[in-house]
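Visitor: Please see the structure below; I have some questions.
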Amino acid sequence: NDKKADDFSPMWSDRKNKTIMFTSDREEGVNKAPYDRTQRGFSDVWQVKLEGSRGKIKWGDPELVEGLNTKWNDGTVTFNSRKSIMYVTQCNSESGKVPKCKIYEARKSGKGWQMNPEPLSFCAGEENTKWNYGHPTLGEKDKVMYFASDRPGGYGDTGALEKTKDIWMVTFVRRGRTWSEPVNLGETVNTSKNEMFPYFNQHDGKLYFSSNGHPGFGGLDMFNTEGSGEEWSAPENLSIPMNSGGDDFGITFDNMNQLHGFFSSNRDGGRGGDDIYE
């Protein structure tokens, strides 16, 4: 965890739980210019490797993921179950000319990753230049992708100037090797405020997400819900100590050990900004 930077959305990037990727706006990123909204760096995808042995846990030094990062904001990644394909949130495209954030596919290439220059079909095209798409996660054996978006038709679409984000889903269409049109998860999950950072937990089959619209302890809190399509159970707050008066989000669980994972929080007692907790 960097002292001033935001470090968030940890995700195991290999099947053996040896490497974690996370998003950070620390100063050593690709673009040295400050990002106007935070006056800190632009965010990039970083990785840390587990180097300890015989029960001694030691993390290596964080390094930038090769081939993936641009001069703009990159981050919040997820992987297919084989860890051979990554989906990454990227804002402004490599050219810097595509407004808003979109979800891109990247494939393993040598030591790094190669990002497809075109966003996924459901967030591409002229009609999507006004909306943000991000925070992808895969469920149902990689056949369904959940993500956050402020596209119209959601419950955050209240006519206010700043549209809030909802959680949406698309289904993989085998015949066209493409994704379906987005479906909103409905008003049990989504509120007029923000629902973001979805994560599908393969161990319990539940969808975890963060919201500042459901009753909680302050800021973004983490919740889980069970269901599919537009039918979901009432979201359950993960409660204290998982949630705090700050923002709590971006949870992930180990591939093998269902009782262990990581999440992000800017709660008091951290190093400043968002930090990663175990």
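The values are calculated or read from the model by the stated rules, or taken from the named source; none is laboratory data. These numbers were taken from a predicted model, which means no experiment stands behind them. Please note: Cβ atoms are built from the backbone with ideal geometry, for glycine as well, and neighbour counts cover all protein chains shown. Note: areas computed on protein heavy atoms with side chains; ligands, DNA, RNA excluded. Shrake-Rupley method; radii C 1.70, N 1.55, O 1.52, S 1.80 Å.
Visitor: Which residue fluctuates most in the GNM of the chain (Cα springs below 10 Å): Leu238, Leu207, Leu68?
Guide: Leu238
Visitor: Report the GluC sites (Glu not before Pro) located in the range 84-141 that are in a DSSP loop and have at most 16 other Cβ atoms inside 10 Å of their Cβ, or state none.
Guide: On the way: sites: Glu94, Glu105, Glu126, Glu127, Glu140; in loops: Glu94, Glu140.
Those satisfying the criteria are Glu94, Glu140.
Visitor: How many angstrom lie between the C-alpha centres of the range 170-234 and the range 89-140?
Guide: A separation of 19 Å, based on Cα centres.
Visitor: Further, regarding this structure: For each cysteine in the chain, check whether another cysteine's C-beta sits under 4.7 Å from its C-beta; list those where none does.
Guide: Taking the Cβ cut-off of 4.7 Å, the unpaired cysteines of the chain are Cys123.
Visitor: Also, quick follow-up: What whole-number value in Å² describes the accessible area per residue of the range 126-278 for a 1.4 Å probe?
Guide: Roughly 49 Å² per residue, with all protein chains present.
Visitor: Still on this model: If r is the Cβ-Cβ distance from Gln202 to Lys111 and R0 is 35 Å, what FRET efficiency results, to the nearest 0.05?
Guide: Working: r = 27 Å, r/R0 = 0.77.
Efficiency computed from Cβ-Cβ geometry: 0.85.
Visitor: Hey, another quick one. Fully extended, how many nm does the chain gain between Ile85 and Glu127 (0.36 nm per residue separation, minus their Cα-Cα distance)?
Guide: Values: separation 42, 0.36 × 42 = 15.12 nm, distance 2.64 nm.
Going from the current span to full extension adds 12.5 nm.
Visitor: Something else: Using Cα centres only, tell me the gap between the range 240-255 and the range 11-32 in whole Å.
Guide: So the two Cα centres are separated by 18 Å.
Visitor: Residue separation times 0.36 nm, minus the C-alpha to C-alpha distance between Ser192 and Tyr35: what's the value?
Guide: Stretched fully, the Ser192-Tyr35 segment lengthens by 53.7 nm.
Visitor: For Lys193, give me every one of the lysines with a C-alpha distance below 25 angstrom, ignoring sequence neighbours fewer than eight places off in its own chain.
Guide: List returned: Lys100, Lys102, Lys130, Lys163, Lys165, Lys206.
Visitor: Can you list which of the trypsin sites (Lys or Arg not before Pro) found in the range 159-191 are DSSP loop residues with at most 11 other C-beta atoms within 10 Å?
Guide: When the trypsin sites (Lys or Arg not before Pro) of the range 159-191 are filtered for loop state and at most 11 Cβ neighbours within 10 Å, Arg174, Arg175, Arg177 remain.
Visitor: Residues with beta-carbon under 13 Å from that of Glu187, excluding Glu187: net charge, scoring Lys, Arg +1 and Asp, Glu -1?
Guide: The answer is -4.
Visitor: Round to a whole number: what % of the accessible area of the range 70-136 belongs to carbon and sulfur, probe 1.4 Å?
Guide: With neighbouring chains kept in place, the figure for the range 70-136 is 49 percent.
Visitor: List the relative contact order of the chain as a percent without decimals, with contacts defined as Cα pairs under 8 Å and 6+ residues apart.
Guide: Dividing the mean separation by the residue count of the chain yields 15 percent.
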